[in-house]
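Since the structure comes first, as structure tokens, the remarks are kept for the end.
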Amino acid sequence: MLTRAERAASPADHIATHGPERPVHFFASAVLDANLARFRAGFPGLVTYAVKANPAEHVLRQLWAGGLHGFDVASPEEIALVARLCPGAAMHYNNPVRTPAEIRFALAAGMQSWSVDDGRELDKLLAAGLPQGTEIAVRFRLAVSGAVYNFGSKFGADETGAAQLLQRVQAAGMTPALTFHVGTQCADPAAYGSYVRAAAAISGQAGVSVARLNVGGGFPSGRDGNPVDLEPFFAEIRSAMAAFATAPQLVCEPGRGMVADAFAFGVQVKSLRDSRVYLTDGIYGGLAEFTSMTIPRYRVFGPDGASRKGAERQVTVFGPTCDSIDRLPGTLAMPEDLDEGDWIVFGSMGAYLTGMTTRFNGYGQWDSVEVASV
């Protein structure tokens, strides 16, 4: 739960003032507002939010209040969450693998758009009795680099298969659309251009005009502590749309790019042993993504909130559980004056921490505190 009564100027201020004992998820609401404004001002289409990135209720409520009225949902639980917090919001079910029961649940919730990447999955949707004219977006994949890891290894039809699915969607009386996902933390705007031009080619190959093109998420966060300039991504998308004979409406569904930089995550040093450091959280908790993503910028504070500024040395960092694989990859540079009770505050931690944290060994609890800046 977000603790607004303990609002602080910064993570260091909260550490010094309150002496927290559990890890702390620090939230700067002004940064989230600014990120939403950047997407709405720069992206040439409808901006929605991928709930999986951070399903915290205060995040969804703030985005809804800020004028974002569309959400990418991936499960019945996310559907129910959005329906409860944001009544009347548009929901797009873009997880392309569903059970018949999940389809029925989403139908009852009034799902506006669905994605498919396989003929059998399309069969399930059509058999469920979707209303005529319902939007079905065919998800496709390309061998395009630029992201930390490629979502095409799990989802997406090839270009020929996508064209065939588009024809089936149109023949069934549904509204045909296309969608893709370049992969998480994509640093190369050209990846979006390649996908948009491929979408135009698929539409032409199928002989089907698509109503909308969903460019997915993948927009990067500033893990090095510097805000990412998103305009080159938006400009590449705008430019590539010229490949369409009749341009479809555009949709995006940022997750990490929307929320990550609005949060930081503070964990305490619980033990020091020569070149080994043990923290109050690890890869079973809020640091789970560190096994697959570059570790973001971090700062070290003493219990009084003062920055540690000693000469740095490389240390091995472990989480608090009794499992030996609970270890951050490689080594981290830590000040030589690091001490037990100090705090390491990792930046750009708004994405996936909430949904990926486990309760292994009884750990995994944290406090959520609003701060003026992270």
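Per-structure values
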| item | result |
| --- | --- |
| Conditions (1) aromatic (Phe, Trp, Tyr); (2) at pLDDT below 95; (3) out of contact with any Gly (no Cβ under 8 Å at 6 or more places or on another chain): number failed by Phe151 | (3) |
| Members of the stretch 4-17 found to be touching a strand residue (DSSP E or B) at 6+ places or on another chain (Cβ under 6 Å) and either modelled with pLDDT of 95 or more or part of a helix (DSSP H, G or I) (or both), listed by number | Ser10, Pro11, Ala12, His14, Ile15 |
| Cβ-Cβ under 7 Å pairs, at least 6 apart or on other chains, the stretch 227-255 side over 23 Å from Val73 (Cβ atoms), far side part of a loop (DSSP other than H, G, I, E, B) and of a type in the set (Phe, Trp, Tyr) | Leu230/Phe219; Phe233/Phe219; Phe234/Phe43 |
| Qualifying residue in the stretch 240-250 (condition: buried (at least 24 other Cβ atoms within 10 Å of the Cβ) and farther than 23 Å from Trp343 by Cα) | no |
| Any hit, the stretch 219-232, residues being among the aliphatic types (A, V, I, L, M), modelled with pLDDT under 95 and surrounded by fewer than 16 Cβ atoms within 10 Å (Cβ to Cβ) | no |
| Pair list, Cβ < 8 Å and 6+ apart or interchain, from the stretch 293-320 residues that are over 20 Å from Ile15 (Cβ atoms) to residues that are acidic (Asp, Glu) | Ala311/Glu336; Glu312/Glu336; Arg313/Glu336; Phe318/Asp326 |
| Criterion: at pLDDT below 95, of a type in the set (A, V, I, L, M) and either part of a strand (DSSP E or B) or out of contact with any Leu (no Cβ under 8 Å at 6 or more places or on another chain) (or both) - qualifying residue of Met293, Met334 | Met293 |
| In the stretch 43-63, the residues that are farther than 19 Å from Gly216 by Cα and part of a helix (DSSP H, G or I) | Glu57, His58, Val59, Arg61, Gln62 |
| Test: residue in the stretch 199-216 that is farther than 21 Å from Met349 by Cα, modelled with pLDDT under 95, assigned to a loop (DSSP other than H, G, I, E, B) and touching a strand residue (DSSP E or B) at 6+ places or on another chain (Cβ under 9 Å) | no |
| So Asp304, is it among the acidic types (Asp, Glu), surrounded by 15 or more Cβ atoms within 10 Å (Cβ to Cβ) and at pLDDT 95 or above | no |
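The values are calculated or read from the model by the stated rules, or taken from the named source; none is laboratory data. Since we're looking at a predicted model, the values are computed, not measured. Please note: Cβ atoms are built from the backbone with ideal geometry, for glycine as well, and neighbour counts cover all protein chains shown.
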